[in-house]
Amino acid sequence: MDHDHSEPATYSNELELTRRLIDANDRKHALHHCTGALALEPNRREWVPMLRELLADERLVASLEDNMFVGAQAARAYHLHGKGEYTEALAIIAATAYVDAGYLRWYESWLGDAIRASVPIQARAVFAVLNLGTKFGVGRIRMLPAEREAAMELVPIVRLAVSAVEDEPMIYVIASAILRRAGLHDEAIEVAERADGKVDSAMVATAVGLAQRSLGQFDKALATFERAYAETDDPLYLFERMRVLADAGRWKAALAQFDEVAALKELDPENLAERKAIALASLKGTAPAEPPLDVVRRRALNHGVLVPMLDASANVLRDVVRQLTEKAESPRAIGDTLRTAKLEAAVEGQEGPSARLCMAMMFAGSSDPRLASYQGSTLAIRTIDDEVDQYSLWKLEDGVIVQALPAPPAAVTEWVRNVALCGADETVLEIESDFLDMWAEAKRTPPPEAAARDWVAATIHPEMPIERVGMGPDWLLRWQVASLIGLAHSEAGWLGTAKRDALLALLRHEIDWPMAAAIRVALEIALEDPAATAEIRKQLIVLSSELIGDHNIGILHTLLIALHTLPFVSDEHKERVQKDLASRDEPAEDDEDEPEQAPEPEPVHEEPAPAPATKKPWWKFWN
């Protein structure tokens, strides 16, 4: 049966197509759309009767075996579970849940069924699922709300696994890590101690010590890490002691412990940042309200970085600044030099409209793109497809791409300016404060009341103080991020809010610098509000396919950081973006303009997830 392939693959459309195709006896085609509905909403039930009807045909069941679509594999696992073939069903749904966390509820339910049926539980399949809980919150004591919620989602599986898997003590170590992330610290200690004498004692000490530190049992944690150091002679355990001392507000002792470790091992930038944070805190002399080194860890994983925009226009503007201001002695002198200069630019390809806006701000001191002498393709303009077209940023007018939104109220502009300038020094061109500082500033100074549309409009109606003209593209991006931070804090909640509609609109179509700002701000919302996490994660995963090959690798780097940071994003999406970035020739930029790559978060004496190996037992790690 033919149907309109232009219709969006929504859950309701997939269900309706499945019904129509079954009625037309086009059952193989019906199965395709039924698994599509299942993949979109694995925890709804409308597709169940139709799937059961279709899989009564063993030929259709057989067709699923080599179909690697996530919905097809889930359907196959569903069929096997219904036949009581729990071991194979669990193995398939474990792999499926690793790709899409929506199937964790299936795994939890089926694991319970298998245990009640006295079916032996394979440790490998359990590890595949529990591994999801070790990829976020690494190296930190306090989890962000979405991280804690994600860990809590795994807790029922952890408890079932601990009760059923008796021949693999590493389960206890991984289970302890997840329980600690969920805030169940006493249970984390009890479970970790079950592995004592069965695995490397240092692993047990690490799990126990981190849970004790999380509980504020600082003396116990110090003793635990001291024993681990005595057994291993590994100075990393002395660093763990330093972190415990910092949490306790024992600043002098923490600095002394740092100096002891510094004499034993080579230090990395994160270690030096930890020492700086402790030294600054020691000047205040007060006990910390929160673990003071958690933010250092976040910065080490690029959570604070604003990745420079790296399209051709932005790179040219940076080169021009270097050439024209080599002898300028201050940020103001740099700005004065540029404001009196003239620049003509001609570009090819899909350059973002923000590039022309930036040029007008730098050389004309105006947010009117018409004042920039700029020739380029109009292909870069893409209209945002929202119901009332209220968040589209740009429009084409007399051959020039100009703002489609009016300027925001003065109160909005003033607030954005203050957040963008937080930590700025007029005598220094670059601003040391980062995204996390700007987010914290927004919490200290809530934004004025304004419509979501006003905050979106602020991204394309910037100010550029004379001292910031030399920052050029980096200042404009910073302004755009500050604008959307204002949007994020403009109203409470997520579902049903105007800020949700605005951010999702920015993430869906117009590929321009505000998209990078929206990605970074949406990430922080997703981490702080569990109600927003799944929807934002889904949209960022969509972007991991849609942005492949885009001209602005700065946006891709920003996306990659977000994918690495959010809970329950499978490796395939990160690897897709990483592979695309690796396939490109990086632009000729100085190191200071190169974005930092988002590293795969791997714990250092944390609780790393076990991984298969070829020559060593598959549960070995730290190799």
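Here are a few things to note about the model shown:
- Average accessible area per residue (Å²) across region 208-270 - probe 1.4 Å, nucleic acids and ligands excluded: 44
- Residues of region 459-496 with amide N under 19 Å of the 7 Å Cα→Cβ point at Ala333: 466-472
- Here the ratio of the Cα radius of gyration of region 258-330 to 2.2 N^0.38 Å is 1.68.
- Lys395 accessible area, assembled protein chains, probe 1.4 Å, Å²: 90
- Inter-label distance for Glu326 and Lys538, nm, one decimal - labels placed 7 Å from Cα along Cα-to-Cβ: 5.5
- Hits among lysines - C-alpha to C-alpha of Lys198 under 20 Å, sequence gap 8 or more where chains match: Lys616, Lys620
- Taking each DSSP H run with n ≥ 4 as -39500 (n - 2.57) and averaging over every residue of the chain yields -17500 deg cm²/dmol at 222 nm.
- Summary of the geometry: region 300-341 and region 453-479, compared by the centres of their Cα atoms, lie 13 Å apart.
- Links that overshoot a 19 Å alpha carbon limit, given the list Lys252/Lys276; Lys395/Lys499; Lys342/Lys395: Lys395/Lys499; Lys342/Lys395
- Cβ-Cβ FRET estimate between Ala230 and Ala440, R0 fixed at 60 Å, reported to 0.05: 0.95
The values are calculated or read from the model by the stated rules, or taken from the named source; none is laboratory data. None of these values were measured; they are calculated from a predicted model. For neighbour counting, all protein chains shown are included, and Cβ atoms are generated from backbone atoms with ideal geometry for every residue, glycine included. The protein model used for the area step is the full one, side chains on, heavy atoms only, and it has no ligands, DNA or RNA in it. Shrake-Rupley method; radii C 1.70, N 1.55, O 1.52, S 1.80 Å.
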